[in-house]
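See structure below.
The values are calculated or read from the model by the stated rules, or taken from the named source; none is laboratory data. Please read these numbers as outputs of a predicted model, since none were measured by experiment. Glycine gets a Cβ as well: all are built from the backbone with ideal geometry, and neighbour counts include every protein chain shown. These area figures cover heavy atoms from the full protein model, side chains too; ligands, DNA and RNA do not enter into them. Shrake-Rupley method; radii C 1.70, N 1.55, O 1.52, S 1.80 Å.
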Amino acid sequence: VCAFPIHLISKGYISGTSHSVSVSEILAVRELDVGGGTNDDGRWQKMPQKLTEAYPYAFTVSYVERARQHRWRCSDVTFHCSDGVLRQQWIQTIREQLTALSMADRPKHLLVYINPYGGKQQGECIYEQKVAPLFACASISTDVIVTEHANHARDHLKTEAELKKYDGVVCVGGDGMFSEIVHGLVSRTQRDNGVDQNSPEEKLVPCSLRIGIIPAGSTDCICYATVGINDPVTSALHVIVGDSQPMDVCSVHHNNTFLRYSISLLGYGFYGDVLADSERKRWMGPARYDFSGFKTFLTHHHYEGAVSFLPATDILGTPRDKTRCRAGCFICQHDGQLYSGDSPEESKTAPDVSDRVGWGVVRGKFLAINAASMSCACPRSPMGLSPAAHLADGTTDLILVRKCSRFNFLRHLLRHTSKDDQFDMTFVEVHRVRRFRFTPRHCQNDSELDLRENGKQLFSQICRDHPACSCSPAYSSWNCDGEILPHAAIEVGVHCQLIKLFARGIEEQPLFEDLANPQCAL
Ligand SMILES: Nc1ncnc2c1ncn2[C@@H]1O[C@H](COP(=O)(O)OP(=O)(O)OP(=O)(O)O)[C@@H](O)[C@H]1O
Ligand SMILES: CCCCCCCCCCCCC/C=C/[C@@H](O)[C@H](CO)NC(=O)CCCCC
Ligand SMILES: [Ca+2]
């Protein structure tokens with residue numbers, strides 16, 4: 001950055017080496033009042049007296065510094081020089097560059113929703129203490145709404161919010177809060193464009209506003225899998241630098257009626273039962289999932305049904321790949337398609353080969369049926385439910401876990417916490433698909449019983465027939481990104497890159513190793 005008599009003081013050290021920061025990762029620049037000994041935000045600067053006398057003009061650049069485990073931090077670097085005009089030239093030049101970035105990618109005005117009750121109920125505190133000061137430093141203005149009830153954010157976005165005013169929407173909360181934002185934005189976009197969400201075959205219109213997630217929930221799986229860590233400061237910095245990560249969204253229908261969208265996990269059987277049980281224990285906070293997970297594991301229920309699916313055959317990548325979806329992922333840049341990239345013209349005209357390939361059907365008794373549209377990495381499972389899944393390839397990984405012994409199921413579950421392959425087991429199969437349907441065995445096609453009412457009756461009837469039995473209920477529930485669906489028979493389709501996040505995908509770790517050294521010369 002500096003070739004002139006400007007000396008670098010960083011964290012109190014005078015460095016003889018040069019220090020360069022990519023402009024795209026500068027947050028702000030401001031004059032420093034050397035005489036006063038403090039900078040704009042009042043923090044004390046350690047400066048040797050001799051230096052301040054020789055170089056009385058200074059300015060401070062705030063920039064992104066990488067720390068451990070994908071964490072980003074805001075660092076300051078202060079430059080000193082003897083000439084006030086030179087200092088102004090530097091400040092002006094950097095500001096011009098930042099303005100150019102704002103015109104392109106960086107948000108200037110954001111709509112923020114805070115869930116005060118998510119996770120450990122720290123949402124407001126996290127936002128005020130960790131995020132708002134960074135937004136202010138980067139000159140981002142905000143309209144903040146603290147939600148007053150569930151679906152407040154969703155309904156506000158759907159009907160009231162003046163979206164034209166904003167460059168993005170930020171939610172402070174967990175996966176459930178993010179899901180509200182997605183439902184609000186996607187529904188609003190379809191309505192504004194005259195698209196009927198109830199038609200399962202309908203092509204949905206992508207949302208133009210990006211979404212930022214400041215993690216303050218229990219699982220924070222979307223944040224973890226798109227940034228690499230559930231850390232509020234890191235996420236705020238990704239918003240400020242204007243990152244953009246497209247993401248697939250699944251639409252879920254029952255009998256040609258729209259139910260919900262899913263971005264991470266659709267899980268029937270094990271994950272549905274864990275969620276149903278844990279919802280009754282919200283008071284336990286994030287620990288409810290461990291409690292209900294253990295209980296559900298011991299219960300060991302299986303469910304009968306048929307899964308039919310449309311395999312994604314014309315794609316790059318499989319669920320058993322060793323490569324992972326990372327920042328700048330080649331597969332996601334090409335929408336997961338084999339034909340795009342090398343030959344864009346061919347891709348535009350190539351027929352959708354998958355339409356010609358038939359649907360597969362698997363019938364049986366399942367402990368779990370999971371569809372992971374992304375890895376679903378989270379602190380509980382750092383590689384996720386489907387470690388090789390892609391954020392934006394237009395597919396979901398359908399994982400079928402057949403009935404097996406408790407011991408084998410435990411082995412399967414434990415592999416989610418290590419690098420071992422959870423799919424390399426005889427009772428597990430995984431397919432990368434574009435669409436799928438599930439029909440529970442007891443379902444009478446179109447006249448499926450209402451789960452909440454008649455499902456309970458069916459279960460108690462079966463168990464009355466077998467007193468002291470260990471037989472499973474006829475139905476489980478679908479866990480759709482942490483929400484219970486009201487029907488077991490569903491049809492699911494993936495919409496490639498329907499939304500965008502203020503994220504860039506998980507960065508490869510070695511990048512951090514080089515940049516983390518404060519003395520490094522670039
Ligand atoms: N003011 C509110 N009062 C009650 N519920 C709310 C409020 N605002 C949002 N919600 C609902 O709270 C639910 C849970 O919120 P959130 O996702 O933030 O936390 P969590 O469930 O602890 O985390 P995770 O979804 O990561 O497991 C969401 O489904 C959301 O609809
Ligand atoms: C005996 C040891 C077994 C260890 C097994 C660990 C396996 C963990 C896999 C975790 C997958 C999480 C998928 C994320 C789902 C989210 O959309 C959803 C909303 O936040 N969370 C849950 O449903 C919460 C679901 C929590 C399940 C535990
Ligand atoms: Ca995907």
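Structure notes:
- Accessible area per residue was computed with a 1.4 Å probe on protein heavy atoms; TRP359 scores about 100 Å².
- Here the simple spin-label model places points 7 Å from the Cα toward Cβ, and for LYS295 and THR318 these points are separated by 4.0 nm.
- Taking 7 Å steps out from each Cα toward its Cβ at SER199 and GLN92 produces label points 5.7 nm apart.
- Anisotropy class of region 216-307 from Cα gyration tensor, a/c 1.5 cut: oblate
- Cα-based reach from LYS50 at 21 Å (exclusive), listing lysines while leaving out same-chain residues under 8 positions away: LYS11
- Cα-projected label distance for ARG191 with LEU101, points at 7 Å along beta-carbon direction, nm: 3.6
- In the structure shown, the pairs LYS120/LYS164; LYS108/LYS281; LYS158/LYS203 are assessed against 31 Å; a Cα-Cα span above that value is assigned to LYS120/LYS164; LYS108/LYS281.
- Mean Cβ neighbour count within 10 Å, used as a protection proxy, ranking 232-242, 308-318, 181-191, 211-221 highest first: 211-221, 232-242, 181-191, 308-318
- Normalised size of region 167-321, defined as Cα radius of gyration per 2.2 N^0.38 Å with N residues, equals 1.18.
- ASP192 - accessible surface, heavy atoms, 1.4 Å probe, Å² rounded to 10: 100
- Extension gain for the segment ASN151 to SER405, taken as residue separation times 0.36 nm less the Cα-Cα distance, is 87.4 nm to one decimal.
- Alpha-carbon geometry of region 126-254: the Rg and the Dmax are 14.9, 47 Å, given in that order.
- Heavy atoms of LEU209: accessible area, 1.4 Å probe, square angstrom to 10: 20
- Over all Cα atoms in region 255-321, the spread is summed up by Rg and Dmax: 16.0, 46 Å.
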